[in-house]
1. I'd like the full set of residues that are in a loop (DSSP other than H, G, I, E, B) and exposed (fewer than 14 other Cβ atoms within 10 Å of the Cβ), limited to the stretch 352-396.
2. Look through 199, 234 and report the one residue that is farther than 18 Å from residue 321 by Cβ and surrounded by fewer than 17 Cβ atoms within 10 Å (Cβ to Cβ).
3. Being closer than 18 Å to residue 81 by Cα and in a loop (DSSP other than H, G, I, E, B): is that true of residue 130 here?
4. Restricting attention to the stretch 149-190, which residues are in contact with an Asp or Glu (Cβ under 6 Å, 6 or more places away or on another chain) and under 28 Å from residue 323 (Cα atoms)?
5. Can we say residue 242 is among the hydroxyl-bearing types (Ser, Thr, Tyr), surrounded by 17 or more Cβ atoms within 10 Å (Cβ to Cβ) and farther than 19 Å from residue 412 by Cα?
6. Quick check on my filter: what residues within the stretch 410-429 are in a loop (DSSP other than H, G, I, E, B) and surrounded by 18 or more Cβ atoms within 10 Å (Cβ to Cβ)?
7. Cβ-Cβ under 7 Å, sequence separation 6+ or interchain: first residue in the stretch 217-236 and among the hydroxyl-bearing types (Ser, Thr, Tyr), partner at pLDDT 95 or above and surrounded by fewer than 15 Cβ atoms within 10 Å (Cβ to Cβ). Which pairs?
8. Please go through the stretch 312-359 and pick out each residue that is touching a strand residue (DSSP E or B) at 6+ places or on another chain (Cβ under 7 Å) and either closer than 21 Å to residue 151 by Cα or β-branched (Val, Ile, Thr) (or both).
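The values are calculated or read from the model by the stated rules, or taken from the named source; none is laboratory data. All values derive from a computational prediction rather than experimental measurement. Here the Cβ positions follow ideal geometry from the backbone for every residue, glycine too, while neighbour counts run over all protein chains shown.
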Amino acid sequence: MQIGVLGAGYVGLVTGTCLAEMGNHVTIADISEHKIECLRKGRSPHFEPGLDELLVRNIEDGRVKFSTDVKDAVAGKTAVFLAVGTPMSDDGSANLSYIRQAAADVAENMDGYRAIIIKSTVPVGTNEELSAVVRSKTTQEFDMISNPEFLKEGAAVNDFMKPDRVVVGVRSEQAETVMKRIYSPFVRTGRPIMVMNPESAEMVKYASNALLASRISFMNEMANICNEVGADVELVRKGVGSDSRLGGAFLFPGLGYGGSCFPKDVRALSHVAKLKNVSCPICDAIDATNVKQRTILLPLMDKELGTDLKGKKVAVWGLAFKPRTDDVREAPAIYMINELIARGAEIAVFDPEAIETSKVELGDTVVYAESSYEAIAGADALLICTEWNEFRSPDFDKIKKLLKQPLIFDGRNLYDLDIVREAGIRYYSIGRPAVL
């Protein structure tokens, strides 16, 4: 099948490359000349495990091409995916200006029927709104289809190739046929293609992310209670997660969630509810809890280091909002670092993948180390913000030698309390007893 993708960002690139891997001929268009040039050389602008390998193979086999001209991604195509950004506005709503323009661009370049597929995360009602945009620009027949993505950063290729389910929102049998043809190679093991109306498909995405975010915020609140009552949240988490009705996923306490999805989508859902005069206190509480959680370790750091950190150095391990990605959007580490800088601290940071992306947020306000141990040399304390695997089994003797004092603040509960106690390290984590 001939397929076009508008937007070479995270979602568009994974979508287009995985579709090409199944034998489709895909053209991905983006307005960024630099991004397109990188992609033509087989280099993804985003760190995502397994993506570069797929890119190179499908470029060499001629199944995926890149362009800065929208026409290349529309002319002669059966289906065109809209995968442009829908960033959060100041009021919490989704900024739809980019996807409106993308829909208009498709309409102006159509030379026959097109299945126009909304892959971007958009509020309920956007399908109908974009349909009106296209109708105002062309007399060609089309279907506007809602097809939300459920890609986890760090596992996006696997998620696309082996989806739990495929959700499609359509208004015609022709649109349903096109979508089943596109996705049939990905659901051969029996995973469902769930067909519904576009409004329901749009809502599935927001409801899913809000529910996952709620589990994180809930467990963080439980961890904060554990701190005050002498309970160990790790034991609580295991006890709760063993209930078959609940399961253990997304019950790990920490510094809160970040990234491009959960914060934006929870706020956008709350914004839509308010526009419809629907009370949405749970979504508001999820977001408020997460905002508070980002800096939950600061009072403990104040207790150990003082509120005036002039002359103090804090090492930070982990900048990305989660491991296996270089995405620092809404990352708790960025909030913690800015708070520590405001207190006068010198900050040295290390992340296996997110150094370059973090420079956009932090600039020259921190020292960028080339290794985890380089970052902690001469530091007064170590702060852990991301649970990268390489941080899970460190050389504690080396940490003690490099730090001015054996002091760790762990925002991801990486270490067994008995192990750090035996190592002679003062250790603070989330919802567990301090090791003093």
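1. Within the stretch 352-396, the subset in a loop (DSSP other than H, G, I, E, B) is 352-354, 363-366, 369-371, 377-380, 385-388, 392-395.
Those that are in a loop (DSSP other than H, G, I, E, B) and exposed (fewer than 14 other Cβ atoms within 10 Å of the Cβ): 363, 364, 365, 370, 371, 378, 392, 393, 395.
2. Details: 234 fails: surrounded by fewer than 17 Cβ atoms within 10 Å (Cβ to Cβ).
Result: 199 is the single residue among 199, 234 that is farther than 18 Å from residue 321 by Cβ and surrounded by fewer than 17 Cβ atoms within 10 Å (Cβ to Cβ).
3. Working: closer than 18 Å to residue 81 by Cα: yes; in a loop (DSSP other than H, G, I, E, B): no.
Judged against the criteria, residue 130 is not a match.
4. 151, 152, 153, 156
5. On the way: among the hydroxyl-bearing types (Ser, Thr, Tyr): yes; surrounded by 17 or more Cβ atoms within 10 Å (Cβ to Cβ): no; farther than 19 Å from residue 412 by Cα: yes.
No: the conditions fail for residue 242.
6. Residues of the stretch 410-429 that are in a loop (DSSP other than H, G, I, E, B), as a first pass: 411-416, 423-425, 429.
Those that are in a loop (DSSP other than H, G, I, E, B) and surrounded by 18 or more Cβ atoms within 10 Å (Cβ to Cβ): 411, 412, 413, 414, 415, 423, 425, 429.
7. Filtered contacts from the stretch 217-236: no entries.
8. Once the filter is applied, which keeps residues that are touching a strand residue (DSSP E or B) at 6+ places or on another chain (Cβ under 7 Å) and either closer than 21 Å to residue 151 by Cα or β-branched (Val, Ile, Thr) (or both), the stretch 312-359 yields 314, 316, 319, 337, 341, 347, 349, 355.
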